[in-house]
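Asker: Let me give you the structure first, and then I'll get to my questions.
Nothing in this text is a laboratory measurement; each read-out follows from the coordinates by a stated rule. These figures come from a predicted structure and were not determined experimentally. Virtual Cβ from ideal backbone geometry, glycine too; neighbours counted across all protein chains shown.
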Amino acid sequence: MLSRLLLLAFFLLAGNLHAVDDKDLPPDEFTVKRFLISLAAKDEKALREICVFNESLAALWSGTPPRKEKLAEIVDAIRREPIKWLAAGDSFRLNNAELTVTDAMIGDKKRIATLHLHDFSFPIFIRKTPRNEWKVDPSIVITLTLDRLRKEEKAHRKNFTLSLDGKDTPFNLGEEVEVTLADGRKMKARIQQNLFQNHEDAEIRLLYPRELDLNVIRDKDPDQNRDCTVYRFSGALSANFMVQIHRLSKLEEVRKDISDAFVENNRTGAWYLDRDIFHDCKIDGPTGILAGKRIGATKNPQSKLPEKIEELYFWETGDGRVICLYGTWNYQDSSACRDWFAALAKGIEIKAAPKVATQAAVPEKKP
């Protein structure tokens, strides 16, 4: 029975700092700590008494207060933590910015307090009223609270609506929702966003990231003995990828022609290349690990890092076709673009060469 009474007394004292520290703390420190405890407990009455008027003051007691056990821990931490009063020249952080205290911000009737507590790491501005009472100016705390509430609301906001059997159900991607149909039956539904897109034609299947757009070009010139289909990907960031299917060509011919063309294009565009133009690189492709070449180019000859990356890979299909996989991106986008390029390389499936239909010869009719 005695332990229950002691526990009850502890909670009562934790919820009412007047009963504990009124005689022990200076008025300014008492105001700061009472404010923090009232803020933690979301005590509307106490906050109205402690704070100067603010139209958005209700934000400070919005939401659900912590459980009694948790609140007791918070109160104990606030009571034990010493207050640091900021002086002119001191700095404090607010919204990821570092601000400096000026002489105009403090004085005999206004002070700024901070406590080294994770949940209360903001500055607390207090000022003395004409009635010689210390009150908290809650403007900064209200701004921080409203910002946190907006982020929480956005995190829990439903961005989509499922319309089924005449009923609308709000939901988010990946969330499982239960819908009651008109006949009383219940069903569960979940919608996932595809991370990849698909393309398929007579020669190829492609699985590529949804951040990219695809354009297909057929380059055929019998006079130049050239027959090639180009699958060009572009879109997010600086990504620019190509998959080329070459017919009527040999592997080494394609490798040399394309490699030389890209070197020439870089030099024409006033790009500076490394002394050793090509560097070895690898990628996990449709047939296993592919060995390729990487080009690093920059507009500044003094730079030690490239501004642009290009990678080239070549392989044969075994039925007379040569595949070229090409990718380029800005160095600063390397992390995302290289991941997309790797996903594209892994998602290439070359089909068997389509058979070309031939028309049977028709015998001439004799007159």
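Asker: Using a simple spin-label model with points 7 Å from Cα along the Cα→Cβ vector, what separation in nm is obtained for E55 and R247?
Answerer: 7.2
Asker: Using Cα pairs closer than 8 Å and at least 6 residues apart in sequence, work out the relative contact order for region 262-304, in percent.
Answerer: 39
Asker: Given the rule -39500 (n - 2.57) for each run of at least 4 DSSP H residues, summed and divided by the residues of the chain, what is its mean residue ellipticity at 222 nm, to the nearest 500 deg cm²/dmol?
Answerer: Here the helix-only value at 222 nm equals -9000 deg cm²/dmol.
Asker: Which FRET efficiency, nearest 0.05, do D339 and K68 yield, Cβ-Cβ r, R0 41 Å?
Answerer: 0.30
Asker: Enumerate the amide H contacts of L162 below 5 Å, restricted to partners 5 or more residues apart or on another chain; note that Pro and chain-start residues carry no placed amide H.
Answerer: T169, F171
Asker: Still on this model: Please name which of T287, A189, V101 has its Cα lying farthest along the dipole of the chain towards the positive end, using unit charges on Cβ (Lys, Arg +1; Asp, Glu -1) and the Cα centre as origin.
Answerer: About the Cα centre, the residue reaching furthest to the positive side is A189.
Asker: Rounded to the nearest 10 degrees, what's the angle between the helix 27-41 long axis and the longest principal axis of the chain, both from Cα atoms, 0 to 90?
Answerer: Helix 27-41 sits at roughly 50 degrees to that axis.
Asker: For the chain, find the longest principal axis of its Cα atoms and tell me its angle to the long axis of helix 334-346, 0 to 90°, nearest 10.
Answerer: 50
Asker: Can you tell me the relative contact order of the chain? Whole percent, Cα pairs under 8 Å, sequence separation 6 or more.
Answerer: Answer for the chain is 10 percent.
Asker: For D90, which sequence-distant residues (separation of 5 or more, or a different chain) have an amide H within less than 5 Å of its own amide H, given hydrogens modelled in the peptide plane?
Answerer: HN-HN under 5 Å from D90: V101.
Asker: For W329, enumerate residues with amide H under 5 Å from its amide H, sequence gap 5+ or separate chain, H modeled in the peptide plane.
Answerer: I309
Asker: Okay, moving on. Go through region 155-171 residue by residue and turn each phi into a ³J(HN,Hα) via Karplus (6.51, -1.76, 1.60, θ = phi - 60°); whole Hz please, and just put x for glycine and proline.
Answerer: Calculated HN-Hα couplings, in order: 5, 9, 6, 8, 9, 9, 10, 9, 9, 9, 6, x, 10, 9, 10, x, 7 Hz.
Asker: Evaluate the relative contact order of region 204-282 (contact order divided by residue number), counting alpha-carbon pairs under 8 angstrom at least 6 apart; express in whole percent.
Answerer: Once normalised by length, the contact order is 18 percent.
Asker: Could you list log10 I(q)/I(0) for the chain at q = 0.09, 0.13, 0.14, 0.15 Å⁻¹, which the Debye formula gives when each Cα is one point scatterer?
Answerer: Relative scattering, expressed as log10 I(q)/I(0), comes to -0.82, -1.01, -1.09, -1.19.
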